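Note sheet for the following structure.
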Amino acid sequence: MRHLHLTCSPEVRAAVEDRRPVVALESTIISHGMPYPKNVETALRVEKTVRDAGAVPATCAIIGGRLKAGLSAGEIETLGKAGQAIPKASRRDLPFLVSQGKHGATTVASTMIVAHMAGIRIFATGGIGGVHRGAADTMDISADLQELANTSVAVVSAGAKSVLDLGLTLEYLETVGVPVIGFGTDEFPAFYTRHSGFGVDYRLDTPGEVAALLKAKWEMGLAGGVLIANPVPEQHQLDAGQMHRAIDAALADAEEKGIKGKAVTPFLLAAIEQLTGGKSLEANIELVLNNARLGAEVAKSYWQ
Ligand code: PSU
Ligand code: MN
């Protein structure tokens, strides 16, 4: 698909035109979600996982003011090495970064936008943003939720971290009409752990059923995304007690330091990693790889 501000890599463009499976991947997780060089190593492993599963990876970002679907290894290295110096780019940031010719690391929301422009239907990531705890006072609600409401791309994630208010996040998604599918589970997963105590709308057990649901939604003209919640593999989940302690300590630290706005999520991720002695990072990497595999399987079924 052609768009004034979009550049697809030749591989991504050819796959989209031939209606072959493509999986979009985000870049905020590279620049803001993990430390260098693990972030670059992981981004390349995620791409390889998608490829090995028989789909084409399309890592998305803004490079020199161009929206990109499909990055070179050099571009991924740039985004990973510069880390927090690359602006975290959600929907509201795109006009500034594009008009100024700057780089940007795309969040779930803006990756959905780029993917949709490029004709990509399936996107795999780690966790989505949501309604933050204390949102009644701070109004901190991720733009990811509004994007899921409006933009027709399916997002595979390991649920959301309990730094968020998972109950309110699910209420919000219900209000805006986003189906929340548990892949092989009746429970909404809490990112580092398989359990949150909250249910999903529907459980589906095969990529084919997920692909059929996506087709049904979009064939009916029901625009907007679908959230596919894929729990972290059992052997890689964190101990629930350790996770809760780390999250509570990270939230208290953020509060004390007065961290606000888009800095909140990256701050919490880094604090949790420190507090768990790197265990959270290992779990994070494994769940992203797991989501990349499922994303590829769903994309293959969708384009069959
Ligand atoms: N949650 C995670 N890891 C992440 C993010 C969220 O577990 O890397 C990133 C994603 O890019 C997501 C963004 O779209 O943070 C949400 O940021 P905010 O809450 O500022 O919208
Ligand atoms: Mn926010």
Exercise. Is it true that residue 212 is modelled with pLDDT of 95 or more and open to solvent by less than 30 Å² (accessible area, probe 1.4 Å)?
Worked result: no
Of (1) open to solvent by 30 Å² or more (accessible area, probe 1.4 Å); (2) without any contact (Cβ under 8 Å) to a residue 24 or more places away in the chain; (3) not basic (Lys, Arg), residue 82 fails just (2)
Regarding region 239-247, can at least one residue be identified that is open to solvent by 80 Å² or more (accessible area, probe 1.4 Å) and part of a loop (DSSP other than H, G, I, E, B)? yes
| message | Would you confirm, using the coordinates I've provided, whether residue 263 is free of Cβ contacts under 8 Å to residues at least 40 places away in the same chain, in contact with an Asp or Glu (Cβ under 9 Å, 6 or more places away or on another chain), hydrophobic (A, V, I, L, M, F, W, C) and part of a helix (DSSP H, G or I)? | response | no
Residue 175: passes all of (1) under 27 Å from residue 277 (Cα atoms); (2) of a type in the set (Ser, Thr, Tyr); (3) more than 19 Å from the chain's Cα centre (by Cα) but (1)
For region 141-173, the count of residues that are over 26 Å from residue 296 (Cβ atoms) and of a type in the set (Asp, Glu) equals 2
Among helices (runs of 4 or more DSSP H) entirely within region 8-72, at least 1 residues that are modelled with pLDDT of 95 or more and within 16 Å of ligand 2 (Cβ to nearest atom) occur in 28-31
### Message
Criterion first (β-branched (Val, Ile, Thr), more than 16 Å from ligand 2 (Cβ to nearest atom) and free of Cβ contacts under 8 Å to residues at least 60 places away in the same chain) does residue 185 satisfy it?
### Response
yes
Does residue 117 count as more than 16 Å from ligand 1 (Cβ to nearest atom) and in contact (Cβ under 8 Å) with a residue 60 or more places away in the chain? yes
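Within region 163-176, is even one residue in a loop (DSSP other than H, G, I, E, B), within 16 Å of ligand 2 (Cβ to nearest atom) and in contact (Cβ under 8 Å) with a residue 40 or more places away in the chain? First the steps, then the outcome.
Residues of region 163-176 in a loop (DSSP other than H, G, I, E, B): 163, 165, 176.
With the extra rule that they be within 16 Å of ligand 2 (Cβ to nearest atom), the set shrinks to 163, 165.
Now restrict to residues that are in contact (Cβ under 8 Å) with a residue 40 or more places away in the chain: 163.
The answer is yes; a qualifying residue exists.
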Selection over region 109-144 where residues are away from ligand 2 (no atom under 13 Å from the Cβ), outside any loop (DSSP other than H, G, I, E, B) and among the β-branched types (Val, Ile, Thr) yields a count of 4
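Yes/no per residue for (1) over 24 Å from residue 280 (Cβ atoms); (2) surrounded by 22 or more Cβ atoms within 10 Å (Cβ to Cβ); (3) within 8 Å of ligand 1 (Cβ to nearest atom):
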{"position": "96", "(1), (2), (3)": "yes, no, no"}
{"position": "104", "(1), (2), (3)": "yes, yes, no"}
{"position": "126", "(1), (2), (3)": "no, yes, yes"}
{"position": "154", "(1), (2), (3)": "yes, yes, no"}
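The values are calculated or read from the model by the stated rules, or taken from the named source; none is laboratory data. The shown structure was predicted, so the numbers you read here are calculated from the model rather than taken from an experiment. We place every Cβ from the backbone using ideal geometry, glycine too, and count neighbours over all the protein chains shown. Surface areas here come from the heavy atoms of the whole protein model, side chains and all, with no ligands, DNA or RNA. Shrake-Rupley method; radii C 1.70, N 1.55, O 1.52, S 1.80 Å.
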